[in-house]
Amino acid sequence: MAYTRLHVVFMLSYASDLRAALEFLSSRKDEVIRIRKPVDAKHELAAVYRMLEGGPVVVFENVKGYKIPVVSGFFSNRRRVSELLGLDPSDPMQLTLRCGEALANRVKPRLVGDGACKEVVVKSEVNLMKTLPIMKAALGDAGHYITAGVVFAKDPETGNRNLSIHRMQVKGPNELRLHIDKGRHLGVILSKAERMGVPLEIAVAVGVAPAVMLSSTAKLPLGEDELGVAGAIQGEPVEIVKCDTINAEVPANAEVVLEGELLPDVWEDEGPFQEYPGTYSVVSPAPIFRVKAITHRSTPLFYTVFMRESHMLRGIQGEVAIYRVAKDTSPIVQKVHLTMGSCGRHHAVISVKKEIADHEGLQRNIICAVFAAMREADLVIAVDEDVDVYNMSEVEWALATRFDAARGLILVPDARSHEITPVSREGIRSKMGIDATAPFQMKDRFRRAEFLKVDLKKYLE
Ligand code: MN
């Protein structure tokens with residue numbers, strides 16, 4: 001049974017509402033592409049998206065058998081993320097600094113009585129695959145997966161809220177297998193519920209505001225609410241509503257919400273799934289998420305995340321963590337970048353400005369600090385401030401001109417990385433630091449040639 005509630009929509013900023021963001025981007029050239037031809041959610045949708053990945057936001061308006069469109073790509077390019085947050089896209093570091101500020105100045109969510117996410121409520125005969133255009137992406141994937149679901153859970157001991165994104169494989173009409181990586185807060189919370197012998201009530205919001213999406217990957221200590229970070233990023237409290245069937249709250253303007261519970265001590269094999277490295281995950285046990293209700297907007301968008309978006313969501317918050325620890329190690333740190341080629345996780349480039357002789361060597365202390373700041377950081381390259389950390393060609397130039405392997409290489413055998421990268425042995429992998437900075441005492445020898453500054457436009461008229 002489905003029923004509709006009336007709802008009034010107020011004006012929202014781009015970071016605080018997915019629809020406002022889509023509208024804003026639609027008004028600009030080449031930012032949104034709408035695929036009107038019919039596309040199959042099984043394999044075809046992912047195949048088409050892959051050809052466009054990194055470019056525009058893609059709206060699949062006609063997914064075969066569904067009335068609900070699929071949308072993807074808000075976080076597939078960094079310039080766009082900066083613009084949605086009202087930042088200067090020509091300086092990518094602003095995004096890192098803005099998210100860092102948000103960690104320090106959180107804005108608590110505000111509970112409201114009703115929200116657009118409840119315009120339609122389905123409580124009986126829940127059927128995930130009938131209702132939602134859930135894709136089967138790669139040819140070797142085990143099944144259909146929800147990839148942009150933000151899990152809202154509460155610690156059963158403390159009541160503290162936690163947000164996190166997990167892949168979820170459809171198992172039956174109202175059941176999914178929910179994958180939890182090692183060390184995730186949701187796993188800690190679930191094991192508490194299992195010790196108490198009770199199910200863990202969770203809500204999964206699919207299609208949330210960019211600020212909420214971005215904050216759900218923030219690196220916070222257990223017990224701290226990621227929604228406070230989202231509020232700070234969007235500059236106003238996130239409005240939340242109570243769920244109908246469980247003790248949880250979700251953003252009022254979410255597109256789709258699944259309410260239900262993780263069953264205690266019932267784990268089933270999940271996977272394989274095309275994971276972030278572009279390879280298949282190994283089959284491993286996952287808890288069962290039993291869905292009690294689906295609520296959604298009257299004309300919802302169904303958000304689906306592909307690889308590059310996952311790299312970006314992880315990478316931005318990873319940079320925040322790395323920058324903070326590196327800067328604490330020494331203020332000579334200028335900029336940090338987790339590269340897209342390394343899935344926004346494994347390779348960090350960090351620039352430093354050595355101003356006095358005593359700064360020499362600190363770049364290597366910083367490299368070691370970055371290994372500690374982010375488990376997945378396996379390669380850290382230190383460059384001088386004249387090298388653009390976002391331009392890999394520039395970074396390679398620094399390696400070619402300033403790096404000597406016998407003197408500038410730091411190896412840490414068998415540290416901990418992410419278990420999903422296939423080269424790791426259950427998460428164990430060696431780390432490599434590269435000091436590609438010029439020795440302070442020999443600065444002149446490494447100085448780049450300077451040229452007159454001209455305004456090219458004047459010469460092309
Ligand atoms: Mn958390």
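The values are calculated or read from the model by the stated rules, or taken from the named source; none is laboratory data. On a predicted model such as this, the values are computed, not experimentally measured, just so you know. Counting neighbours? That spans all protein chains shown, and the Cβs are built from the backbone with ideal geometry, glycine included.
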Checklist entry - Just a yes or no: is a residue in the range 369-383 of a type in the set (D, E, K, R) and either surrounded by fewer than 16 Cβ atoms within 10 Å (Cβ to Cβ) or under 19 Å from Q94 (Cα atoms) (or both)? => result no
Next on the checklist: Just checking, does the range 394-411 include any residue being over 30 Å from I180 (Cα atoms), assigned by TED's automatic domain parsing to the domain that holds S351 and within 25 Å of the chain's Cα centre (by Cα)?
Outcome noted: yes
Item to check | Scope the range 142-178; condition more than 15 Å from the ligand (Cβ to nearest atom), of a type outside the set (A, V, I, L, M, F, W, C) and crowded, with 21+ Cβ neighbours inside 10 Å; matching residues | outcome: Y145, T147, G149, R167, Q169, R177
Next on the checklist: Residues that are within 16 Å of the ligand (Cβ to nearest atom), part of a loop (DSSP other than H, G, I, E, B) and in contact (Cβ under 8 Å) with a residue 24 or more places away in the chain: does the range 263-278 have at least one?
Outcome noted: no
Checklist entry - Does any residue of the range 308-318 turn out to be closer than 22 Å to T421 by Cα, assigned to a loop (DSSP other than H, G, I, E, B), in contact (Cβ under 8 Å) with a residue 12 or more places away in the chain and out of contact with any strand residue (DSSP E or B) (no Cβ under 8 Å at 6 or more places or on another chain)? => result no
Checklist outcome for this item: So, first residue without any contact (Cβ under 8 Å) to a residue 12 or more places away in the chain in the range 207-226, second residue of a type in the set (D, E) and away from the ligand (no atom under 14 Å from the Cβ), Cβ within less than 7 Å, six or more apart or across chains; the pairs are none
Next on the checklist: Checking the structure you have, find out if any residue of the range 397-409 is at pLDDT below 95 and not polar (S, T, N, Q).
Outcome noted: no
Item to check | All helices (runs of 4 or more DSSP H) inside the range 392-461 with 2 or more residues being more than 22 Å from A377 (Cβ to Cβ), in contact (Cβ under 8 Å) with a residue 40 or more places away in the chain and in contact with a Cys (Cβ under 6 Å, 6 or more places away or on another chain) | outcome: none
Next on the checklist: If I ask for residues that are closer than 20 Å to Q274 by Cα and either outside the structural domain of V256 (by TED's automatic domain parsing) or assigned to a loop (DSSP other than H, G, I, E, B) (or both), which ones from the range 39-73 would you list?
Outcome noted: D40, A41, H43, E53, G54, G73
Next on the checklist: Condition (residue is under 22 Å from V320 (Cβ atoms), within 12 Å of the ligand (Cβ to nearest atom) and β-branched (V, I, T)) applied to the range 233-245: is it met by at least one residue?
Outcome noted: no
Item to check | Qualifying positions in the range 22-38 - surrounded by 16 or more Cβ atoms within 10 Å (Cβ to Cβ) and either touching a helix residue (DSSP H, G or I) at 6+ places or on another chain (Cβ under 8 Å) or assigned to a strand (DSSP E or B) (or both) | outcome: F24, L25, E31, V32, I35
Checklist entry - Exactly one of (1) assigned to a strand (DSSP E or B); (2) surrounded by fewer than 24 Cβ atoms within 10 Å (Cβ to Cβ); (3) assigned by TED's automatic domain parsing to the domain that holds E268 is unmet by S298. Its number? => result (1)
Next on the checklist: Suppose we filter M168, M135 for residues that are in the same structural domain as R195 (by TED's automatic domain parsing), within 20 Å of L190 (Cα to Cα) and hydrophobic (A, V, I, L, M, F, W, C); which single one remains?
Outcome noted: M168
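Per-residue answers, yes or no, for (1) surrounded by 23 or more Cβ atoms within 10 Å (Cβ to Cβ); (2) closer than 28 Å to A137 by Cα:
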| position | (1), (2) |
| --- | --- |
| H43 | no, yes |
| R50 | no, yes |
| G55 | no, yes |
| N62 | no, yes |
| V70 | yes, yes |
| G73 | yes, yes |
| N77 | no, yes |
| D88 | no, no |
| D91 | no, no |
Checklist entry - For the range 182-226, how many residues are under 20 Å from A286 (Cβ atoms), within 10 Å of the ligand (Cβ to nearest atom), hydrophobic (A, V, I, L, M, F, W, C) and surrounded by 15 or more Cβ atoms within 10 Å (Cβ to Cβ)? => result 2
Item to check | Check on A248, of a type in the set (A, V, I, L, M, F, W, C), closer than 24 Å to Y14 by Cβ and modelled with pLDDT of 95 or more | outcome: no
Checklist entry - Can you spot a residue in the range 256-274 that is in contact with a Cys (Cβ under 9 Å, 6 or more places away or on another chain), small (G, A, S) and either at positive phi or assigned by TED's automatic domain parsing to the domain that holds A142 (or both)? => result no
Next on the checklist: T421 - would you say it is buried (at least 21 other Cβ atoms within 10 Å of the Cβ) and among the polar types (S, T, N, Q)?
Outcome noted: no
